[in-house]
1. Checking the conditions here, which among 339, 271 is closer than 18 Å to residue 503 by Cβ and among the polar types (S, T, N, Q)?
2. Could you grab me the full set of residues in segment 608-641 that are aliphatic (A, V, I, L, M) and within 23 Å of residue 53 (Cβ to Cβ)?
3. Does residue 349 satisfy the criteria of being touching a residue at least 40 places away in the same chain (Cβ under 8 Å) and in a loop (DSSP other than H, G, I, E, B)?
4. Just need a number here: residues in segment 397-429 that are β-branched (Val, Ile, Thr) and surrounded by fewer than 21 Cβ atoms within 10 Å (Cβ to Cβ).
5. Mind listing whichever residues of segment 384-396 are within 25 Å of residue 602 (Cα to Cα) and crowded, with 21+ Cβ neighbours inside 10 Å?
6. Within segment 281-307, which residues are in contact with a strand residue (DSSP E or B) (Cβ under 7 Å, 6 or more places away or on another chain) and of a type in the set (Lys, Arg)?
7. Among (1) closer than 15 Å to residue 664 by Cβ; (2) surrounded by fewer than 24 Cβ atoms within 10 Å (Cβ to Cβ); (3) among the polar types (S, T, N, Q); (4) touching a Leu at 6+ places or on another chain (Cβ under 8 Å), where does residue 168 come up short?
8. Picking from 183, 117, which residue would you name as being among the β-branched types (Val, Ile, Thr), in the same structural domain as residue 83 (by TED's automatic domain parsing), closer than 24 Å to residue 75 by Cα and part of a helix (DSSP H, G or I)?
Amino acid sequence: MRNSLMFPKSFLVAGMLHLAVSSAGGVKASEAVAGRSLEGWTAELQSPSPVARRRAVLSVGAFGKSAVTALKQALSHKDAVVRYWAASELGDLGDDSQPALEALRKLHGEKPIGVRIAAAYALCRIGHVEEGLPTLLEGLQHSERGVWNSSADFLARIGPPAKAAIPTLEAEGKRGADHIADICNEALRRIRGVDQPVQSRTANQTQGDAAGGKANNKMTAAAVFSKAFLDEDVGRFAKSVEKRKHPNVLWISAEDISPSLGCYGDSYAMTPRLDQLASEGMRFTRCFTHAGVCAISRSGLITGMYPVSIGSQHMRSQIVLPPQVKAFPEYLRAAGYWTTNRSKTDYNFPPPKAAWDENSAQSRDWRGRAAGQPFFSVINLVTTHESQIRGKFGETLHDPAKAQLPPYIPDTPVTRRDWARYADLLTTLDQQVAAILDQLQADGLAQDTIVFFWGDHGQGLSRGKRWLYDSGTRTPLIIRWPGKLEAGSVCEDLVCFLDFAPTMLRLAGVDVPSHLHGRVLPPIENGITAVGSRPSAVGREYIFGHRDRMDETYDLIRSARDARFRYLRNYAPRRSYAQNITYMNQMPTMREMRRLNAEGSLTGAPALYFRESKPVEELFDTEADPHEVVNLADRPEHAETLKRMRAALERWQEDVGDSGLIPEPLLVTPLDLAGSKSN
């Protein structure tokens, strides 16, 4: 039996009936998209805010063929991003966009290739392949990976009419590295009309630090920050260190795990040492990352900034950090800390040399420091990575028959075995954590060291990792601080990965830079500050998340989460949830779901994943529906909640200057995205 909520069939069906954009048409002009009519969104195209304009053109596109006139007019907009998205949206509409043909041809004559490829895609989709295809082939051989990725994606969306691109795709796939081969294979599959994804030559490798690829995206963002903190560098912060004893800090991070531990109430789990750690410290019940995948999650964690504010939101890209942005261990090291990392970085940018005294699999952790020197040591455990779930193994320690499957996973022997394997890996992880803690104890440091245990994002199973639901973004966080945090205590505040950097700086007595997006964790602030000297930090109302390109597959989703509800805004609703990601497709559970769907035997909540399109908005009550399968966005009784959370998300996008609304090919030029502090 599943240890999960059992929903009546009518309840699940209601969740499936929410208004969605169809691939054939879209929303009627008389209806609303995310609270505004077609006329309202069209007027928003003239907003002085770049974020508002870019959000508007994508929203206009959701109206389908009703929006052709507005999109045609947007092709001549002064904002190149609006022109790009207008062309892309017209391309998605295919023959319905014939009235915009001449305007598309004019746009296709622009010099910058970043905009031209979108116009070329639209020309191909409305039957003028001979005009558009040469531009896409030019983009496919471009030196900038952002242009390359988008050109290949457009070719995949064109399908069989782009057959002339096959030789170039084959050649590029053979000489490309990392996910270049994967995106080539996906384009080839769709052009050839092959039903099943091609096996990638990189598919069985574990994703690690190196993003690799044909060429790095040199995304420059020198204008991201205001002059108010241009002089905030490591040297300045080193001078602000208070004259007091600084605590040692040990981070133990785990890959691809949700709060699937005994101390979080999971009766299937066997994690005695982590349960003990929670009993000795504080367990956080509402800790979330901003992205459901490793590199993007770690990018924000190490900088203290949302990746969409610095251009690092796309998986397997390599950005150049603006000079004002530091990895927070740089500040700690300048303040006198011994800093070590064993050994994963995976930040979507090269790890700064100034961040770590030692950064390798051979790191000595705290044992390499000078006598009396405070340390910050990170130990990254990869045991639970999704690649280990699908690896070859014998019998499982956990009984598959007792696996606690969520309702969005079909109940078959294959899926139960994956779930049991995940639980086995958690038990192995628990043993590794025990060994680390035992070493700390043996070295006489357990009482003088703050221990953090956390997972980098949710479980590496279908509808978990890569997605913005709780299954992909809610993580365990346990902190043990002897004498400061009450043993066995629980914190129910909304906390996020952007809080880790300011918390560490506060612990080290370093001034927190004004451009960081998080806050000091309230229990840590209270532990530093003498009881009664000042009030506890006020709890935040929302945390936010984003999903952008995942390996070879583009998407554009934003999320707001409060203590109870999760709101999702799908800016690319015509892109199915079930788009192929070669690496993800190696998971037996995903293969099983695709097999059942192809047979027509997938029903209920698991079938939601294979809808042809997404709803523009999703709203879930995580108390009544913890697995987030029943969309409440069109329920009148939740209209005010929907409106409130939509507004919060839009404010956040403005606050951080959401660069994810800029197409990847245009991110290779300097940005003007004035980010500001956000909760």
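1. None of the other options fit; the residue is 339.
2. Answer for segment 608-641, where residues must be aliphatic (A, V, I, L, M) and within 23 Å of residue 53 (Cβ to Cβ): just 616.
3. yes
4. 4
5. Answer for segment 384-396, where residues must be within 25 Å of residue 602 (Cα to Cα) and crowded, with 21+ Cβ neighbours inside 10 Å: 386, 389.
6. Hits for segment 281-307 are 283, 286.
7. (1)
8. 117
The values are calculated or read from the model by the stated rules, or taken from the named source; none is laboratory data. Everything numeric here is computed off the predicted structure, so don't read it as measured data. Neighbour counts are summed over all protein chains in view; Cβ atoms, including those assigned to glycine, are modelled from backbone coordinates with ideal geometry.
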